[in-house]
Every structure is written in structure tokens, then in C-alpha cells.
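Working notes for the structure below.
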Amino acid sequence: MMLALMAIPFAMQAQTKFHDVEANEAQGPVKKISQDMMGRMQVTTFTQDGKMQRDGMSNVVYDANGYAQQATLTFQGQDVTMKYTWKDGKLATQSMNMMGNDMTFTFIYNDKGAIVAQSMNMGGQEMKMEYKDIKYDAKGNWISRKTNMMGQEMEQTRTIEYYE
């Protein structure tokens, strides 16, 4: 769940040097995304050329086209290398090894390019989270959605600030 924030919902690609906004399920001139992640506010800021900055994330490696290939994430004092794969300008997967377990997140898009579900494979066990009741802001980015995790309905909300 904590890692579910790295995905792209729309087919439209940003006209920026880096594609970190898309990797955070957004599009356009995003300045900041604030999201409650399991009771902790996570704030991700973006430079005008699209590069993100977030506490607990460092050593981001980009390809020549500005797509993140890997980054170091710090969880509870442990450094984990997250690897990203992209297809047609959209984030396809995120994978990592955490405490000896391989985890891969695969993102499922609808025909409009919005993420409607994600699949998590942890050591061969598959779990799928589908999103419903998705609400969007005036710029077309999601600000609220619901999912069912382990039998409990959860709502994810976030606020987005833009460069004007």
C-alpha cells in the first residue's frame, strides 16, 4: 500500500524533462502532492522540470528520456532499492526485495489510460486491488478513490497543488 503511489493514470505524457509526476499518478504542472499514507502525511514536491523530492527517497537513476529506473527508499531505517519498468510512457511495474521477500507491483490501466487496479505479487502470492468511486480534480488527476484491502474498504485521498 505504501508503494502504490508510483503509477501513471493518464495516457498523456508530461512535457517535462523528468516523468516523476506521471510516476505519481498525475499529469500537468504539478507542484506538490500531499497524501495520507497509513496515518502519516506524505508530501512529494516537484521542480518545474518534473523532478520529484520526497523524504525517504534518494539516489534516483534516470534513463536518457527522464524516466526513473531505480531509487533508494528508506522504510523503518532500512534502505531498499525500488526498480521501475515503463511501457508506452506509463509505469508498468515497480519491484523490490524487502526483508528477503521479492515484491512486484503491476499497474492495470483502463482504455483512457487511468489506473483502475494494481496487482501485488509477494513471493509468489498475488493480491489485486481494484479502485472504485474515483474522483478527479479540475485538471483530471485523482483526488479520492476507494479500494478493498483484506476485506476492509479503504479510501485514499490526496491534495494536489499546481504551478500556474
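The values are calculated or read from the model by the stated rules, or taken from the named source; none is laboratory data. Not measured: the values here are computed from a predicted model. Here the Cβ is made from the backbone with ideal geometry for all residues, glycine too, and neighbour counts use every protein chain on show. Each accessible area value is taken on the protein alone, full model and side chains, heavy atoms only, with ligands, DNA and RNA left out. Shrake-Rupley method; radii C 1.70, N 1.55, O 1.52, S 1.80 Å.
Distance between the pseudo-spin-label points of N65 and S34 (7 Å out from Cα toward the beta carbon): 3.4 nm.
The solvent-accessible area of D55, taken with every protein chain present and a 1.4 Å probe, is close to 130 Å². Remark: the V116-Q152 segment gains 11.2 nm on full extension, using 0.36 nm per residue and subtracting the alpha carbon distance.
Beyond 27 Å, the tail of the calculated P(r) for the chain holds 18 percent of the Cα pairs.
If you run the Gaussian network model on the chain, springs between alpha carbon atoms under 10 Å, then out of M99, M57, M120 the most flexible one is M99. Mean separation of Cα pairs under 8 Å and 6 or more residues apart, divided by the residue count, gives the chain a relative contact order of 20 percent. Relative to the Cα centre, the charge distribution of segment 92-164, modelled as +1 at Lys and Arg Cβ and -1 at Asp and Glu Cβ, gives a dipole magnitude of about 100 debye. The 3J(HN,Hα) values that the Karplus relation (6.51, -1.76, 1.60; θ = phi - 60°) gives for segment 60-69 are, in residue order, 6, 10, 10, 7, 5, 9, x, 9, 4, 9 Hz. Gly and Pro appear as x.
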